Each structure stands twice: as C-alpha cells, then as structure tokens.
Amino acid sequence: MAVEDEVRQASDQFYAALNQMLSKGDPGRVTAVWSQGQQGSTMHPIGGREVGREQILAVWEQAGPAFSEGRVTVDDLVVIPLTEDVAYTIGTERGEGKIGGDPMRWEWRATNIYRREDGGWKIVHHHTDASPELQEMLRRLQTQVGQTTG
C-alpha cells in the first residue's frame, strides 16, 4: 500500500477516535491512536500548546468530558508524504456538538503530522485554528463548575 493511502487510513482512525470523544466525552480512542513516543505536540482550538506525550494526553483527558453529541469531519484532505515514515495532512475540520450542554458548530483549518511506529501510523501533531467562541464556552463552563464546587 502506498504511503499516502496508509496515512489517509491513519487520518480516518484519528477522526473516528475524535468523533468518539466528541459524541460521548471519552478520549480513550484518541489517546490510543496517538504516538507512543515522547515527541509530539498539539495546538488545539481551545488555545495553548502542549509538548510531550504527558501534556498532550492530559489535555485530551481534560477536554473530553466537556463534549457530547458531537461529530467532526475533515474535508478537502491532502496527504503530503515527506519520507516513507513521516507525512502530514491538511484539511478543514467541520463539526457540531455540545460543549457543556451548549450547542456549537465549527469550521477551522487543521494540520496533522503522522509517523510510522511499530509497523503502523500514529499521529504526533494536531494543530487547528484557535476558536475564540470555543475558548469562551469552556471559560463559562469552568466558571460554572467552580461555582458549584466552591
């Protein structure tokens, strides 16, 4: 199978896992498709930047429960192989769901980098445009949780 086809399959697996998280709030499958190595990074629409496996997985674990009834697709996906073991994709993520019970729709550009590990492809970097709307919704949710626990 050509590298481009393999990476497209890895992308499909990443977005299937992301959909599991967005629909049920469970990030388990996202962390399973992530690289097992310590190198890696994310720049999510919620802002910030995570470097290293521990930081990356911690953000997925923290963000997952805020989402429900969600779904995302990646449109106009382009796969760019760099070597036999490294490739990246670019595309547009379009989705909808609930964040803390509030409905939201989104569309942002996304770049993902994949690396071959143990005979398969794993994602090592996920980057989307920042979303001020999503950031504000999460701030409100954190404030509500803080008020109920404080």
- Work out from phi, with θ = phi - 60° and the Karplus expression 6.51 cos²θ - 1.76 cosθ + 1.60, the ³J(HN,Hα) of each residue of region 73-90, listed in order in whole Hz, and give x for Gly and Pro. 10, 10, 9, 6, 5, 10, 9, 10, x, 9, 9, 5, 10, 9, 8, 9, 10, 10
- In debye to the nearest 20, the charge dipole size for the chain, taken about the Cα centre with +1 at each Lys and Arg Cβ and -1 at each Asp and Glu Cβ, equals 420
- Query: 222 nm [θ] for the chain, helices only, -39500 (n - 2.57) per DSSP H run of 4+, per residue, to 500?
  - Reply: -12500 deg cm²/dmol
- Item | Between helix 53-63 and the chain: long-axis angle, C-alpha atoms, 0 to 90°, nearest 10 | 40
- Among [x] 8.6; [y] 9.3; [z] 10.8, the entry derived from the coordinates for mean projected area of the Cα convex hull in nm²: [x]
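Which value, in debye to the nearest 20, gives the size of the charge dipole of region 1-58 about its Cα centre, when Lys and Arg are +1 and Asp and Glu are -1 at the Cβ?
220
Assign unit charges at the C-beta atoms only (+1 for Lys and Arg, -1 for Asp and Glu), then state the dipole size of region 59-137 relative to its Cα centre in Debye, rounded to the nearest 20.
Working: 8 positive and 15 negative charges, 19 e Å.
In debye, rounded to 20, region 59-137 gives about 100.
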- Query: Check G40: other-chain or 5+ apart residues with amide H under 5 Å from its amide H, H built from backbone geometry?
  - Reply: G52
- Expressed as an acute angle from 0 to 90° and rounded to the nearest 10, what is the orientation of the C-alpha long axis of helix 132-149 relative to the principal long axis of the chain? 50
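None of the figures in this text is laboratory data; all of them are computed from the coordinates on show. Since the model is a prediction, treat every value here as computed from it, not as a measurement. With ideal geometry, Cβ positions are generated from the backbone for all residues, glycine too; neighbour counts draw on all protein chains shown.
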